[in-house]
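Student: This is the structure I want to talk about, given as structure tokens.
The values are calculated or read from the model by the stated rules, or taken from the named source; none is laboratory data. Small disclaimer: the values here were computed from a predicted structure and weren't measured. We place every Cβ from the backbone using ideal geometry, glycine too, and count neighbours over all the protein chains shown. Just so you know, the surface numbers come from the protein's heavy atoms only, side chains and all, with ligands and any DNA or RNA stripped out. Shrake-Rupley method; radii C 1.70, N 1.55, O 1.52, S 1.80 Å.
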Amino acid sequence: MDNNNGSQDMTVPVEGVAGGGTAYGFNDGSLSEGPLKQSTDPSEVPTSDLVNVWCMPNTVNVGSLEAPRPLETINLLAARNERESFQIAMRPKVSWASCSPSGSVQVQCSDLCSSAGDRLVVGQSLKLRRVVPVLGVPDALVPLDLPVSQLSLLPGETSVIWVSIDVPNGQPPGQYEGEIVVSAMKMDGGCSDNLGKDEKDQLCTELKNCLDIMEPIEGKPMDEVVERIKCASSSLRRILFSPSFAEFISTNGSTDMMEEDVVSNLAVRIKLRLTVWEFIIPVTPSLPAVIGVSDTVIEDRFGVEHGSEEWYKKLDLHFKWLLQYRISPYFCKWGESMRVLTYTSPWPADHPKTDEYFSDPRLAAYAVPYRHVIAGDDSRESHLRKEVEILRSKPHWNKAYFYLWDEPLNMDHFHNVRKMASEIYAYAPDARVLTTYYCGPGDAPLAPTPFESFVKVPNLLRPHTQIYCTSEWVLGNREDLVKDIVEELQLDNREEWWTYICLGPSDPHPNWHLGMRGTQQRAVMWRVWKEGGTGFLYWGANCYEKATVPSAEVRFRRGLPPGDGVLYYPGEVFSSSSEPVASLRLERLLSGLQDYEYLKLYESKYGREEALKLLEKTGVYMGPERYTLEHRPIDVLRGEVYNACRQ
């Protein structure tokens with residue numbers, strides 16, 4: 001295929017454009033099965049006789065009780081610089097191994113190739129992660145080895161793999177094809193002598209971590225000793241029930257790896273077709289989505305001292321990892337009365353790393369600290385002036401904002417916001433101050449009703465705030481109230497309207513709480529686009545309960561809905577890796593931001609009214625209580641944008 005014009009002759013399969021129903025095998029038809037054969041030897045019978053394998057859309061929460069469905073070819077559509085994903089579910093029909101609960105499967109991926117010879121390479125573009133339940137809800141995405149992974153399956157339970165494909169900016173458009181092969185593994189006699197070097201190394205590391213947790217307990221407070229014991233116990237339990245031990249600990253023997261031709265003939269082969277089209281998702285997100293990362297949580301869990309070399313390394317790791325999700329992270333430390341110190345770079349403004357952070361095109365907005373992040377010899381005022389003077393001389397200054405106070409509740413809070421903002425404006429009259437709020441001052445109502453008082457807040461904060469960031473909870477299901485908020489703003493005088501979610505709104509409204517529907521989580525960004533906000537804020541991505549060891553169980557904060565303030569997990573909880581582990585909800589946040597870019601593209605060509613009609617016509621999103629519960633309308637919407645906007 002000619003890379004320059006071959007895409008114009010592309011014919012996208014119907015299922016690839018609107019494939020949420022059939023392309024994933026996601027239908028209501030019953031799955032009829034013939035009687036199982038006498039043999040359960042994977043070298044003699046097809047894997048399909050031992051395991052049900054099928055695929056599901058990325059918006060479905062596939063639980064352990066999910067019933068099997070037919071397996072069909074996967075057809076996907078993706079722009080360049082976009083991540084598309086789907087799920088592979090596996091459920092054993094019968095046990096075939098004596099040394100693991102039901103049996104083990106091997107999953108092997110191939111590169112995706114076009115007829116022109118272009119490739120999407122396994123391990124770079126195509127990645128696999130195992131879906132791990134949190135509080136019984138599928139959420140954590142733990143990376144798997146590539147190009148070949150091995151998983152143990154439990155009887156009566158559905159196990160799930162999350163498959164994601166990242167399409168690079170410069171990837172030639174075209175049709176790409178590949179396959180994922182699932183093979184039941186034969187275990188002869190026993191399993192303990194064939195642990196690979198990597199598995200042994202990982203087990204050794206995790207056991208050593210247990211010792212590291214327990215050895216330095218002398219003289220420690222009793223509550224910390226108890227926590228360390230619990231953590232070590234949890235780690236040992238995780239090791240004992242890991243696939244490595246499930247497969248290798250019961251008896252002495254070895255794994256008999258079947259010959260390649262046997263695997264080829266007996267394996268389940270998942271055919272994957274991906275249409276890459278010309279559109280490039282902008283490197284710099286059209287919507288600044290600023291999301292908080294608690295530096296205190298990082299300091300406590302990883303035992304790093306504020307301002308130490310290890311502290312900088314940890315923050316740098318989290319910042320760079322989060323950029324792949326099209327969000328603009330900021331670190332935060334909470335003070336009294338919801339005063340908050342926020343900063344995107346832990347280094348001072350004249351440090352090369354700060355310029356590296358702020359110049360990164362993937363970063364849409366950055367928070368400038370009001371005071372020292374690391375204590376210094378100069379005064380707060382002198383430090384603030386120096387930082388602002390340096391940043392104002394940079395081309396990225398238009399990304400800057402100051403976030404000083406979270407949800408002021410009374411006149412004293414509002415007074416403090418105005419006072420702090422005035423100090424900033426003395427050095428930078430063009431600075432932007434962001435203030436989040438969901439009500440007016442409780443001790444001095446601005447209007448007869450709570451909502452009217454809330455709408456009048458800009459009159460109280462002006463000119464000491466430029467970004468008015470309001471809670472979606474206030475609107476309820478009344479989208480018509482948006483105009484009341486916006487009418488109070490001076491949009492032609494640098495004022496902006498952003499929105500945020502946190503504890504509320506609650507079900508059935510869009511949010512990122514654990515256990516909500518996948519489409520409900522993805523709908524957060526559909527709502528932002530439809531209501532017309534120009535930015536979005538979320539208070540925390542790692543705000544779980546305090547722990548003092550990296551591998552400690554993650555506990556959600558008491559008093560908050562499960563998942564609120566937590567979008568990713570420490571890698572050490574699941575393995576010896578220090579790389580953070582994403583949640584399904586974080587992946588759906590990314591999908592929603594990519595949908596936002598699709599809608600922006602359609603709007604740029606056909607106008608906002610037509611884009612609004614498309615959003616509703618396809619059944620994707622009509623309002624905060626009326627959005628699709630199924631995946632198919634999402635593919636229909638994306639297919640409509642593709643057909644209408646392709647070159």
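Student: From Leu537, Leu629, Leu560, Leu586, which residue is modelled with pLDDT of 95 or more and part of a helix (DSSP H, G or I)?
Tutor: Leu586
Student: In this structure, is Leu71 touching a residue at least 40 places away in the same chain (Cβ under 8 Å), open to solvent by 40 Å² or more (accessible area, probe 1.4 Å) and among the aliphatic types (A, V, I, L, M)?
Tutor: yes
Student: Can you list residue pairs whose Cβ atoms sit under 8 Å apart, with the first residue in the range 556-576 being without any contact (Cβ under 8 Å) to a residue 12 or more places away in the chain and the second being surrounded by 22 or more Cβ atoms within 10 Å (Cβ to Cβ)? Count only pairs 6 or more apart in sequence or on different chains.
Tutor: Gly571/Val581
Student: Taking the conditions exactly as written (in contact with a strand residue (DSSP E or B) (Cβ under 7 Å, 6 or more places away or on another chain), among the β-branched types (Val, Ile, Thr) and over 30 Å from Tyr544 (Cα atoms)), does Thr73 satisfy them or not?
Tutor: yes
Student: Which pairs turn up if I take residues in the range 127-139 that are surrounded by 19 or more Cβ atoms within 10 Å (Cβ to Cβ) and look for partners that are basic (Lys, Arg) and not in a strand (DSSP E or B) with beta carbon separation below 9 Å, at least 6 apart in sequence or on another chain?
Tutor: Asp139/Arg585
Student: Also, I was wondering about something else. Is the range 40-48 home to any residue that is surrounded by fewer than 20 Cβ atoms within 10 Å (Cβ to Cβ), part of a helix (DSSP H, G or I), at pLDDT 75 or above and in contact with a strand residue (DSSP E or B) (Cβ under 9 Å, 6 or more places away or on another chain)?
Tutor: Taking every residue of the range 40-48 in turn, at least one turns out to be surrounded by fewer than 20 Cβ atoms within 10 Å (Cβ to Cβ), part of a helix (DSSP H, G or I), at pLDDT 75 or above and in contact with a strand residue (DSSP E or B) (Cβ under 9 Å, 6 or more places away or on another chain).
Student: A follow-up question, please. Which one of Val122, Val148, Val107 is surrounded by fewer than 18 Cβ atoms within 10 Å (Cβ to Cβ) and over 18 Å from the mean Cα position of the chain (by Cα)? Step through it out loud before you land on a result.
Tutor: Details: Val122 fails: surrounded by fewer than 18 Cβ atoms within 10 Å (Cβ to Cβ); Val107 fails: surrounded by fewer than 18 Cβ atoms within 10 Å (Cβ to Cβ).
Step by step, each of Val122, Val148, Val107 is checked, and only Val148 is surrounded by fewer than 18 Cβ atoms within 10 Å (Cβ to Cβ) and over 18 Å from the mean Cα position of the chain (by Cα).
Student: Scan the range 293-318 residue by residue and report those that are part of a helix (DSSP H, G or I) and over 15 Å from Val566 (Cα atoms).
Tutor: Glu299, Asp300, Phe302, Glu309, Glu310, Trp311, Tyr312, Lys313, Lys314, Leu315, Asp316, Leu317
Student: Please verify whether Ser337 is modelled with pLDDT under 95 and either more than 24 Å from Leu586 (Cα to Cα) or surrounded by 13 or more Cβ atoms within 10 Å (Cβ to Cβ) (or both), treating the condition exactly as stated. Step through it out loud before you land on a result.
Tutor: Details: modelled with pLDDT under 95: yes; either more than 24 Å from Leu586 (Cα to Cα) or surrounded by 13 or more Cβ atoms within 10 Å (Cβ to Cβ) (or both): yes.
In short, yes.
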